[in-house]
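S.K.: My structure is below; once you've seen it, I'll send some questions.
Read-outs: derived from the displayed coordinates by stated rules, not from any lab. Because the structure is a prediction, the values reported are computed rather than measured. Positions of Cβ are generated from backbone atoms using ideal geometry, with glycine treated the same way; all protein chains shown enter the neighbour counts.
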Ligand SMILES: NC(=O)c1ccc[n+]([C@@H]2O[C@H](COP(=O)([O-])OP(=O)(O)OC[C@H]3O[C@@H](n4cnc5c(N)ncnc54)[C@H](OP(=O)(O)O)[C@@H]3O)[C@@H](O)[C@H]2O)c1
C-alpha cells in the first residue's frame, strides 16, 4: 500500500482505532473519508482537517450499502483503499438457550458488513492503481474469548475471507489484515481505562509503523498480539483459552 496520495475510505472512523488511523493517514498526505453511524463522532474526527471527509453509514443496513458505495464513487472517484474497521463486541453467555439478537447483530456488522461493502466497491477498486483492502480482524480470531463467542467467530471468519480475497485479487488489489490485540478503546464497557489492554496511542504508533513498511506486511501484528496469532502453531491455544476464560 502506498503511504501517501491515496484516497482511503475508513469504516468505523467515528472513534477508537478507526479515528486514529484516519488522522494518521490524513497527516501522511492522504485524502480520507470516515464512515459510521454517529454524526457527532464523525464530525469530531474530521474537525479542522481539510481532506478528511465524513459520510454516515450503517454497515448492517444492507439496503443502503449500494447507495453509499455509489455516493463514494461519485464524490470521491479516486478512492483506491477500503478499510473495513467498523465493529462491535457484545458479551454473550452461550451456555444455555438465549435471545440471539446480539449474535445476529454482530454477524451483520462485523462479517456481513465487510463482505457487502467490499462487494459494492470491488469493481471500482480493481480499476484503480495502487488499490488496497485493509480488514481489521482481532487476536480473538485465533484464540476465542469465551464471553464473546460470536464476536470471536466473526473475526475468525473475516481472517479466512481476507485470505481468499488476497488470493483472488493477487496482482490487482493488495489485501492487508490488521490483527489488533486488546486495545484501550470504548469497544466494550470499561475497556478504555483497563490497563490489561494496550494503550491506544501505543497500538497506533506500532501498527502504523508496520503499515508504512515497504512492502506492507500482509498481516499487521504488533508484538503484543503475536502469542495469539501464533497460538495454534505453538500449541498454546487451549492454555490461552483457559487464561481468557478466567478474565
Ligand atoms: N479495541 C480492541 O481491543 C480491539 C481488538 C481487536 C480488534 N478490534 C477491532 O477494531 C475495530 C475498531 O474497534 P475499536 O476498538 O476502535 O472500537 P470503537 O471505538 O467502539 O469503534 C468501533 C467503530 O465501529 C463503528 N461501528 C459500529 N457499528 C457500526 C455500524 N453498524 N455501521 C458503521 N459503523 C459502525 C463505530 O461507530 P458508530 O457507533 O458511530 O457507528 C465506531 O466508529 C473493530 O472491528 C474491532 O473489532 C478492536
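S.K.: From zero up to wherever the largest Cα-Cα distance of the chain sits, split into 10 Å bins and tell me the percent of pairs in each.
M.R.: In whole percents, the pair-distance histogram is 7, 32, 39, 18, 4, 0.
S.K.: Then there's this: For the stretch 191-245, what is Rg from Cα atoms divided by 2.2 N^0.38 Å, rounded to two decimals?
M.R.: Scaled against compact globular proteins, the figure is 1.34.
S.K.: Can you sort 230, 53 so the residue with the fewest Cβ neighbours within 10 Å comes first?
M.R.: Fewest-to-most Cβ neighbours within 10 Å comes out as 230, 53.
S.K.: How high is the relative contact order of the stretch 15-109, in percent, counting Cα pairs under 8 Å that sit 6 or more residues apart?
M.R.: Answer for the stretch 15-109 is 22 percent.
S.K.: Enter the Cα centre distance for the pair the stretch 120-193 and the stretch 92-115, rounded to the nearest angstrom.
M.R.: Going from one Cα centre to the other spans 17 Å.
S.K.: Could I ask something else about it? As a footprinting exposure proxy, order 68, 76 by other Cβ within 10 Å, with the fewest listed first.
M.R.: Lowest count first: 76, 68.
S.K.: Next question, about the same structure. Taking the chain as the reference, fit the longest principal axis to its C-alpha atoms, fit the long axis of helix 16-27 to the helix C-alpha atoms, and give the angle between the two in degrees, 0 to 90, nearest 10.
M.R.: Roughly 30 degrees, rounded to the nearest 10.
S.K.: To continue, here is another question. Below 8 Å, C-alpha to C-alpha, sequence gap of six or more: please give me the relative contact order for the chain in percent.
M.R.: Across the chain, relative contact order equals 18 percent.
S.K.: Given a Förster distance of 45 Å, report the FRET efficiency between residue 218 and residue 62 from their Cβ-Cβ distance, rounded to the nearest 0.05.
M.R.: Result of the calculation: an efficiency of 0.95.
S.K.: Tilt of helix 149-168 relative to the longest C-alpha principal axis of the chain, in degrees (0 to 90, nearest 10)?
M.R.: Helix 149-168 sits roughly 50 degrees off the main axis of the chain.
S.K.: Can you sort 247, 218 from fewest to most other Cβ atoms within 10 Å of each residue's own Cβ?
M.R.: 247, 218
S.K.: FRET efficiency for residue 236 and residue 192, Cβ-Cβ distance as r, R0 = 35 Å, nearest 0.05?
M.R.: It comes to 0.80.
S.K.: To continue, here is another question. How big is the equivalent ellipsoid of the stretch 1-49 along its three axes, where each semi-axis is √(5λ) from the Cα gyration tensor, reported in whole Å from largest to smallest?
M.R.: 18, 10, 8
S.K.: Once the Cβ-Cβ distance between residue 49 and residue 201 is put in as r, and R0 is 22 Å, what FRET efficiency do you end up with, to the nearest 0.05?
M.R.: Efficiency computed from Cβ-Cβ geometry: 0.75.
S.K.: If you don't mind, there's one more thing I want to ask. Which value at 222 nm does the chain reach when only helices count, each DSSP H run of 4 or more adding -39,500 (n - 2.57), with the total divided by all residues and rounded to the nearest 500 deg cm²/dmol?
M.R.: Estimated from H runs of four or more residues: -12500 deg cm²/dmol.
S.K.: A further question follows. Measure nothing fancy, just the Cα-based angle from helix 62-75's long axis to the longest principal axis of the chain, in degrees from 0 to 90, nearest 10.
M.R.: The angle comes out near 40 degrees.
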